[in-house]
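To start, the structure itself, in structure tokens.
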Amino acid sequence: MRGLDRAAWPIAALLVGYPVWWALGFGGLAVVVLAPPMAVILWRRRPVRVPRGFGLWLLLLAGYLVSSIMLAEMPPGTYGEFGVGRLTGYLMRLSLYLSLTVMVLYLGNLTERELPQLALVRMLGVLFLTTVAGGLLGVLAPQTEFTSPVERLLPEWISGNSFVQNLIHPTAAQIQKVLGHASPRPEAPFEWANAWGSNISVLLVWFVVGWWVYGGPRRRLAVVALLALAAVPIVYSLNRGLWIGLGVATAYLVLRLSPRGRVAVCAAVATGVLAFVLSPLQAMVSQRLDNPHSNDIRAFTVTSTVAAAGTSPIIGYGNTRNAMGNHKTITTGKSDWCETCGHPPLGSDGQLWHLMITQGFVGAGLYIAFFTGAARRHWRDRSPIGMAGVLVMILTLLYMFVYDGLVTPLSLYLISFALLWRNAPDERRPSPSALSSPDDQPALPRPR
């Protein structure tokens, strides 16, 4: 982006350059590649500042390290052997946690001159446009997929791991029988259809702030057109969690905005609902609500996850496990005569459940406390960025029941956390060279 300080190039490369990372096969792993230069920038400006409540996140990270001692153990009612696949998954997640920690500290220690708040918000807006484009690709050309350069270079014993394969093999959509027949659910440029749903809702929040709240007439006109376009993949995603999240976001705005703002939001929602009801998209939503078959699968995996976590409630088991049987039969896994016997791994139905199986109830509690604390501390920040950041913290706590945070969703949650941290009047970044410089104070334009 024009005029951006060179210290901010890693985050610009991550957010604006994300389509390139996806095509190369890095995708959400791009943050692992960019974490070292971020760490170098941090090292050069010691001492490193940390946000309030960050000790909870560091305890969560420490707990994940401790949980590695349980990787070879098997909770009752699960199957599988300790091997390369389980170890690869653990190390991949550990590298992501460490990289995200570096990213948050890097963002919080850049000055306003080096990385203006509005510039960071608009980078997220650019990623929203990328996400809409990827969603449309998933709707119009759902069979699109290709072997990435990273996938070609990795040995089979790594690239063949299911978790790794989802990260390095670019696909436009997941073809699933959610409606009783094969239908595409957009996922480009992310790793799963559910990740696409979580990400577009978070990015939409920042897109509206950057392009509508702080935008001129042309940007606002573009917002209306782009939101109408985004509605197509949002509906085709068949993602009930996303739809609920948008409802929660609307209710939040009605609660927190001024009377004038509430009227504007209600008018916009009413117009959107009317247009939706009169469009062909309404029929697809009705079909999805009439086919809640995934509820049984989720109920089985969640129940099994809680039961397994109960046998190691303090440190968990370090990684996910496979449960014996599924919601229909005691048979374990797919076979030629039972194609419906497969089931997702325990902990794959939401970040809360993932933390329970990997880090026990303690890890899940630390995660909840970290994001709840962020929302509570910044609730009084009624600036557009403050209110948007708190909304994302609320969505983070909502989505932990239905979406796995790793890989890309957690990146966006923590970038949003960093925006809140940077926005707090008592936590603004000092400049290493000019501690009292007025250029280091946030100077956003007034919302138009």
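The values are calculated or read from the model by the stated rules, or taken from the named source; none is laboratory data. Nothing here was measured: the structure is a model prediction, and the numbers come from that model. Here the Cβ is made from the backbone with ideal geometry for all residues, glycine too, and neighbour counts use every protein chain on show. Each accessible area value is taken on the protein alone, full model and side chains, heavy atoms only, with ligands, DNA and RNA left out. Shrake-Rupley method; radii C 1.70, N 1.55, O 1.52, S 1.80 Å.
Its relative contact order, with pairs defined as Cα atoms under 8 Å and 6+ residues apart, puts the chain at 21 percent.
Across the chain, the convex hull enclosing all Cα atoms gives 147 Å³ per residue.
With the convex hull drawn over the C-alpha atoms of the range 6-49, the volume per residue is 70 Å³.
Taking the helices alone, the chain has a mean residue ellipticity at 222 nm of -19000 deg cm²/dmol, built from -39,500 (n - 2.57) per DSSP H run of at least 4 residues and averaged over all its residues. Taking the convex hull of the alpha carbon positions in the range 203-308 and averaging its projected area over all directions gives 8.7 nm².
Using Cα springs under 10 Å in a Gaussian network model of the chain, which residue among Leu29, Leu153, Leu257 shows the largest mean-square fluctuation? Looking only at Leu29, Leu153, Leu257, the largest GNM fluctuation is found for Leu153. Gain on full extension, evaluated as 0.36 nm per residue between Ala182 and Ile69 minus their Cα-Cα distance, stands at 36.5 nm.
The range 1-116 has equivalent-ellipsoid semi-axes of 33, 19, 10 Å, by the square roots of 5 times the alpha carbon gyration tensor eigenvalues, sorted largest first.
Treating r as the C-beta distance of Leu281 and Arg46 and R0 as 51 Å, the FRET efficiency rounds to 0.45. Note on Ile175 and Ala222: their simple-model spin labels are 3.6 nm apart, each label 7 Å out from Cα toward Cβ. Springs join every pair of Cα atoms under 10 Å in this Gaussian network model of the chain, and among Thr301, Thr358, Thr271 the largest mean-square fluctuation is at Thr271.
Quick one: longest stretch of the chain between exposed loop GluC sites (Glu not before Pro), exposed meaning at most 14 other C-beta atoms within 10 Å and loop per DSSP? With GluC sites (Glu not before Pro) excluded where exposed in loops, the chain gives 82-338 as its longest stretch.
Normalised per residue, the accessible area of the chain is 44 Å², obtained with a 1.4 Å probe and no contribution from ligands, DNA or RNA. Applying both filters, DSSP loop and at most 15 other Cβ atoms within 10 Å, to the trypsin sites (Lys or Arg not before Pro) of the range 354-389 gives Arg380, Arg382.
Note on Ile244 and Glu156: the extension gain reaches 27.8 nm, defined as 0.36 nm multiplied by sequence separation minus the Cα-Cα distance. Comparing Pro184, Pro344, Pro259 in a Gaussian network model of the chain where C-alpha atoms under 10 Å apart are linked, the largest mean-square fluctuation is found at Pro259.
With the convex hull drawn over the C-alpha atoms of the range 74-180, the volume per residue is 192 Å³. Sites counted here are chymotrypsin sites (Phe, Trp or Tyr not before Pro) in a DSSP loop (not H, G, I, E or B) having no more than 16 other Cβ atoms within 10 Å; the longest part of the chain that contains none of them is 147-336. Span-like helix check, the chain: qualifying full DSSP H segments, with Cα axial length of 20 Å or more and mean Kyte-Doolittle of -1.0 or more, are 30-44, 84-109, 117-140, 193-208, 217-236, 240-256, 259-277, 294-309, 351-377, 384-399, 408-423.
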